[in-house]
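Visitor: Below: one structure in structure tokens.
The values are calculated or read from the model by the stated rules, or taken from the named source; none is laboratory data. Because the structure is a prediction, the values reported are computed rather than measured. All Cβ positions, glycine included, derive from the backbone under ideal geometry; neighbour counts span all protein chains shown. Surface accessibility is based on the protein's heavy atoms, side chains included, excluding ligands, DNA and RNA. Shrake-Rupley method; radii C 1.70, N 1.55, O 1.52, S 1.80 Å.
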Amino acid sequence: MEHPENDSQYTGLTVNSGVAQPPSVNPYMRRAKRKPLPSASELVEGIIKGDTTQLARAVTLVESLVPAHQAIAQEVIEKCLPHSGRSRRIGITGVPGAGKSTSIDSFGMHVIGQGHRLAVLAIDPSSERTKGSILGDKTRMEKLSVQDAAFIRPSPSAGSLGGVARKTRETIVLCEAAGYDTIFVETVGVGQSETAVHSMVDFFLLIQLAGTGDELQGIKRGIMEMADGIVINKADGDNIQRAQLAQAQFRSALHLFPTPPSGWTPKVLTYSGYYELGIAEVWQMIDEYFDFVRKNGYFETRRRQQSRYWMFETIDEQLRRHFYDNPDIARMLEEKERLVLSNRLSSFIAARDILDHYFSEK
Ligand code: GDP
């Protein structure tokens, strides 16, 4: 359109017509639609059919902190419960570098080779999604990750250990309902997470390395006591003799422990996860264990105890979350913490004030 200032009364000025301004947004680009949340029954139906996409979606909801997601997740779990419980749950621990991923890859291929379906889960409260989880990362299990019979899921992202562990435990239920009859739960053998894993598995495998002769020193007694089997990895090449020596040392160390409540004396074996030596023997030991505890009734006892443990754990966790997520409480905590730190208020009075406020709220 002709510009009004091009009129002859505005001498000395011309206004050139410019180019039409292109729209800032591509009109051909359609807005990506948000996928609607799946319904619980849709997910359950998929899971029971063994549909891994639906299983993965459900696990994502289990891990989510969004209340709407949690509500669906809890419904899915409840509906899957009658279809769960029929797997062998095996916990695997060992310090970083012990060869957990390499071993899980080899053990897993062995298990799948016997016609089983395997889910590999992890508990690693230190991991954060953004940094890439240390555990359960698919690339670490090259052989397994391309198998249809294997479902690999990294650890839920960082949070309280109880929270991360509960999510993994709920994921076990979903995997079992999806037909996975063997579950591996991996954890780094350096902290409290072994206790959490121990409380959700039937068999606890401790992966060790032959060291310089003082290998027993670094191992926490508690972890040894929890183990139903100790396996010394990297028994290959020059390392075979050292692995055997470590085996003898572990065996004699185990004599000092009382017989565990299962009545099963933990076995110590050597193997090589990388060269796949001794894998079948490790597996045979695990088979023997399951036969043993199924016969003497400990299998059921342990699962019942675990159910009770998780009831209390879940209550503890939810109470804590309800308390700390309360915005009033968060504000009060900050204020009282400052007063306590500067010695202007005693910790007991601070705690009482905050709790009084919490309990008086309705
Ligand atoms: P993770 O940290 O416990 O998961 O340990 P990895 O599975 O990542 O293994 C740590 C290192 O040990 C890697 O370089 C592996 O290649 C090596 N490794 C694992 N298993 C064996 C084994 O059986 N023999 C030998 N020689 N090396 C192994």
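Visitor: I'd like to check something: does the range 65-81 contain any residue that is away from the ligand (no atom under 11 Å from the Cβ), modelled with pLDDT under 90 and assigned to a loop (DSSP other than H, G, I, E, B)?
Guide: Yes, there is a match, as at least one residue in the range 65-81 is away from the ligand (no atom under 11 Å from the Cβ), modelled with pLDDT under 90 and assigned to a loop (DSSP other than H, G, I, E, B).
Visitor: Write out, first by first residue and then by second, each pair whose Cβ atoms fall under 7 Å of each other, whose residues are 6+ apart or on separate chains, and whose first residue, in the range 86-98, is on the phi < 0 side of the Ramachandran plot and assigned to a loop (DSSP other than H, G, I, E, B) while the second is away from the ligand (no atom under 14 Å from the Cβ) and aliphatic (A, V, I, L, M).
Guide: Listed by first residue and then by second, the contacts come to SER87/ILE183.
Visitor: Of the conditions (1) within 15 Å of the ligand (Cβ to nearest atom); (2) in a loop (DSSP other than H, G, I, E, B); (3) modelled with pLDDT of 90 or more, ASN239 clears all except one; give me its number.
Guide: Unmet for ASN239, out of (1) within 15 Å of the ligand (Cβ to nearest atom); (2) in a loop (DSSP other than H, G, I, E, B); (3) modelled with pLDDT of 90 or more: (2).
Visitor: Now, a different point. Would it be correct to say that VAL282 is within 16 Å of the ligand (Cβ to nearest atom), under 30 Å from ILE92 (Cβ atoms) and among the hydrophobic types (A, V, I, L, M, F, W, C)?
Guide: Yes; evaluated as a whole, the condition is true for this residue.
Visitor: Might you let me know whether the range 245-260 holds any residue that is in contact (Cβ under 8 Å) with a residue 40 or more places away in the chain and of a type in the set (A, V, I, L, M)?
Guide: Within the range 245-260 (the criterion being in contact (Cβ under 8 Å) with a residue 40 or more places away in the chain and of a type in the set (A, V, I, L, M)), the answer is no, since none of the residues qualifies.
Visitor: Scan the range 178-197 and give yes if some residue there is within 16 Å of the ligand (Cβ to nearest atom), among the polar types (S, T, N, Q) and part of a strand (DSSP E or B), otherwise no.
Guide: Within the range 178-197, one or more residues are within 16 Å of the ligand (Cβ to nearest atom), among the polar types (S, T, N, Q) and part of a strand (DSSP E or B).
Visitor: How many of the residues in the range 312-351 are among the polar types (S, T, N, Q), open to solvent by less than 70 Å² (accessible area, probe 1.4 Å) and more than 22 Å from ALA196 (Cβ to Cβ)?
Guide: Keep residues of the range 312-351 that are among the polar types (S, T, N, Q), which gives 314, 318, 326, 342-343, 346-347.
Filter again for open to solvent by less than 70 Å² (accessible area, probe 1.4 Å), leaving 314, 326, 342, 346-347.
Applying the additional criterion that residues be more than 22 Å from ALA196 (Cβ to Cβ) yields 326, 342, 346-347.
Residues that pass the stated criteria total 4.
Visitor: Please specify each residue of the range 90-122 satisfying the condition of being closer than 26 Å to ASN239 by Cβ, surrounded by fewer than 22 Cβ atoms within 10 Å (Cβ to Cβ) and more than 16 Å from the ligand (Cβ to nearest atom).
Guide: Within the range 90-122, just GLY113 meets the criteria.
Visitor: For the range 262-297, enumerate the residues that are part of a loop (DSSP other than H, G, I, E, B), touching a residue at least 60 places away in the same chain (Cβ under 8 Å) and open to solvent by 20 Å² or more (accessible area, probe 1.4 Å).
Guide: TYR274, GLU276
Visitor: If you don't mind, another one. Can you tell me which residue within the range 60-70, out of those that are of a type outside the set (D, E, K, R) and farther than 20 Å from ILE48 by Cβ, is surrounded by the fewest Cβ atoms within 10 Å (Cβ to Cβ)?
Guide: The extreme case among them is PRO67.
Visitor: Let me ask you something else. Out of curiosity, is SER87 buried (at least 16 other Cβ atoms within 10 Å of the Cβ) and within 9 Å of the ligand (Cβ to nearest atom)?
Guide: Answer is no for this residue.
Visitor: Please go through the range 352-362 and give me each residue that is open to solvent by less than 100 Å² (accessible area, probe 1.4 Å) and assigned to a helix (DSSP H, G or I), ordered by number.
Guide: Once the filter is applied, which keeps residues that are open to solvent by less than 100 Å² (accessible area, probe 1.4 Å) and assigned to a helix (DSSP H, G or I), the range 352-362 yields ASP353, ILE354, LEU355, ASP356, HIS357, TYR358, SER360.
Visitor: For residues that are without any contact (Cβ under 8 Å) to a residue 60 or more places away in the chain and among the charged types (D, E, K, R), scanning just the range 52-78, find the one that is nearest to VAL146 (Cα to Cα).
Guide: Step by step, filter the range 52-78, then rank; the result is ARG57.
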